[in-house]
1. On the basis of being outside any helix (DSSP H, G or I), open to solvent by less than 70 Å² (accessible area, probe 1.4 Å) and among the β-branched types (Val, Ile, Thr), does Val5 make the cut?
2. Failed condition for Trp53, given (1) surrounded by 20 or more Cβ atoms within 10 Å (Cβ to Cβ); (2) more than 14 Å from the chain's Cα centre (by Cα), with all others met?
3. Restricted to segment 75-125, and to residues that are among the small types (Gly, Ala, Ser) and free of Cβ contacts under 8 Å to residues at least 24 places away in the same chain, which residue is most open to solvent (accessible area, probe 1.4 Å)?
4. Of the residues Glu72, Glu41, only one is of a type outside the set (A, V, I, L, M, F, W, C), over 14 Å from the mean Cα position of the chain (by Cα), open to solvent by 30 Å² or more (accessible area, probe 1.4 Å) and closer than 20 Å to Leu120 by Cβ; which?
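The values are calculated or read from the model by the stated rules, or taken from the named source; none is laboratory data. Predicted, not measured: the structure shown is a model, and the values here were computed from it. Positions of Cβ are generated from backbone atoms using ideal geometry, with glycine treated the same way; all protein chains shown enter the neighbour counts. SASA here: full protein model, heavy atoms, side chains in, ligands and nucleic acids out. Shrake-Rupley method; radii C 1.70, N 1.55, O 1.52, S 1.80 Å.
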Amino acid sequence: MRALVIDDSRTMRRIVSGVLKSMGFETVEAGDGRQALDVLESGTEIDLACIDWNMPVMNGLEFVTSVRQNREWRDMTLMMVTTESEQGQIVRALAAGAHEYLIKPFTPDAVRDKLQLLGLVDLEESA
C-alpha cells in the first residue's frame, strides 16, 4: 500500500514516513496540500494520506475538502496528524471527510492503532 505524508516540516515527514514504512507502506511526501494534490493529479495511486493541519499554500483541512470533492479519490483513507487538539478542530476535520485524527506528539503504536481501526494494518502485525 502507498501512503502520502503531507507536512510542511521535513523532519515530521521523515518521522511519519519511517513509522509507515516499518508497517510495510511505500511512502510519497508533500510539503503542503497543494503539492499533495499535484501528486494525486499526476495519477499516483494513494491508499492513505497522513495530513498536517497547519501548512502554507494549502492547509490540511483545505486538502481534505478538495480530495472529498473528487470522485476519483473517494476510496483514499485520510488521517489528520496534527498538533491541533481542540475538540472543535477534530469535529471540523472529521466532518470535512477525514477518517481518523491523530494528535502530535504520537508514538508508533498510536499510528498502528489508528491504522488497525481503519483496517489498513492487520492485527497480527502488532505483535
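1. Considered against the rule, which asks whether it is outside any helix (DSSP H, G or I), open to solvent by less than 70 Å² (accessible area, probe 1.4 Å) and among the β-branched types (Val, Ile, Thr), Val5 comes out as yes.
2. (2)
3. Ala95
4. Matching residue, one of Glu72, Glu41: Glu72.
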